[in-house]
Amino acid sequence: MPAQSLVFDGVTKRFGGTAVVDDVSVAIEGGSLVALVGTSGSGKSTLLKTINRLVEPDAGRVLIDGSDVAEGPAPLLRRGIGYVFQGIGLFPHLTVAENVAIGARIAGRDADVAALLDLVALPRAMADRYPSALSGGQQQRVGIARALAPKPGVLLLDEAFGALDPVTRDTLGQEIRALHERLGLTTILVTHDMAEALLLATRVLVMQAGRIVGDASPRDLANGGGGEAAQSLMAVPR
Ligand code: ADP
Ligand code: MG
């Protein structure tokens, strides 16, 4: 699947009168790896979920390759979007191979489990294990392999590595970057960790109180640019 562009066009989502996502307009180039950074509660997850329609906006549109995601059935849309979040629920009664293949199977396709395990750097011998016999990092890799199995055009990672130890988190981060370079699929990485964003992304969007208040390259950020909100996040220790 060729890299797909992503556009938020005036997207607003309110919960109980508060605009948790407040008139966000931003265009993301197909094939880029963009980090969405902000403190807890700034609206990152809500904005991300408007892409796969786990959240329906009150106003505005989300376009993938120019098509409004609101048109057509949500299950079909979700097959084209890999989604990995913190503590992704693997099915405990299914093996690694079955967990990886399940999304593709629901879509009526077979998954090349061995190739997917290679892609996320998991030994093929783990295919027959159950999730309880894997480390947290390994489970997260299975989650990524599962998200990639239907060959999505867009990959969404929402604090996917937050629960892991720092070393595993950095390793997985580097692998996501390598994976991105290999597959070239449009990737949005949500994180509250600016250091992770700087390390992995080609563009960093900063969210604050439902708005995008910063939009800069890692290089600009490292040189003191990107605006006040971005710089204040730069000062937060990991
Ligand atoms: P982030 O991912 O940046 O931490 P979220 O998008 O999860 O932020 O949440 C932004 C704000 O919206 C928070 O104040 C949160 O409590 C609120 N919120 C998120 N989802 C819901 C919901 N389903 N119902 C009510 N409030 C919500
Ligand atoms: Mg969140």
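The numbers here are math on the coordinates, done by the rules we state, and not lab data. From a predicted model like this one, the values you see are computed outputs, not experimental measurements. Cβ placement follows ideal geometry from the backbone for every residue including glycine, while neighbour counts extend to all protein chains displayed.
Quick notes
- Helix 166-183 axis, angle to the chain major axis (alpha carbon atoms, nearest 10°): 90
- Scaling against 2.2 N^0.38 Å puts the C-alpha radius of gyration of segment 76-116 at 1.19.
- With θ taken as phi - 60° and the Karplus curve 6.51 cos²θ - 1.76 cosθ + 1.60 applied, the whole-hertz 3J(HN,Hα) list for segment 226-235 is x, x, 5, 4, 5, 5, 5, 6, 4, 7 Hz, x standing for glycine and proline.
- Taking Lys and Arg as +1 and Asp and Glu as -1, the other residues whose beta-carbon sits under 11 Å from that of A160 total -1.
- Calculated P(r) tail over 24 Å for the chain, as whole % of Cα pairs: 44
- For the chain, built as a Gaussian network whose Cα springs stay under 10 Å, the top-fluctuating residue of A101, A115, A35: A115
- Stokes-Einstein diffusion coefficient of segment 27-93, Kirkwood radius over Cα pairs, 4 °C, 1.567 mPa s, in µm²/s: 94
- Cα-only Debye scattering, segment 131-237: base-10 log of I(q)/I(0) at q = 0.12 Å⁻¹: -0.45
- Loop-exposed GluC sites (Glu not before Pro) per DSSP, neighbour cap 14 Cβ within 10 angstrom, longest uninterrupted part of the chain: 72-238
- Taking amide H atoms as placed 1.01 Å from N in the peptide plane, the amide H of Y83 lies under 5 Å from those of L156, each 5 or more residues away in sequence or on another chain.
- Three-way shape call for segment 95-190 based on the alpha-carbon gyration tensor, with the a/c threshold at 1.5: oblate
- Highest mobility in the GNM of the chain, judged by mean-square fluctuation with C-alpha springs under 10 Å and restricted to M126, M194, M207, is found for M126.
- Computed from backbone phi with θ = phi - 60° and the Karplus coefficients 6.51, -1.76 and 1.60, the 3J(HN,Hα) list for segment 122-130 is 10, x, 4, 5, 7, 3, 9, 7, 9 Hz; x is used for glycine and proline.
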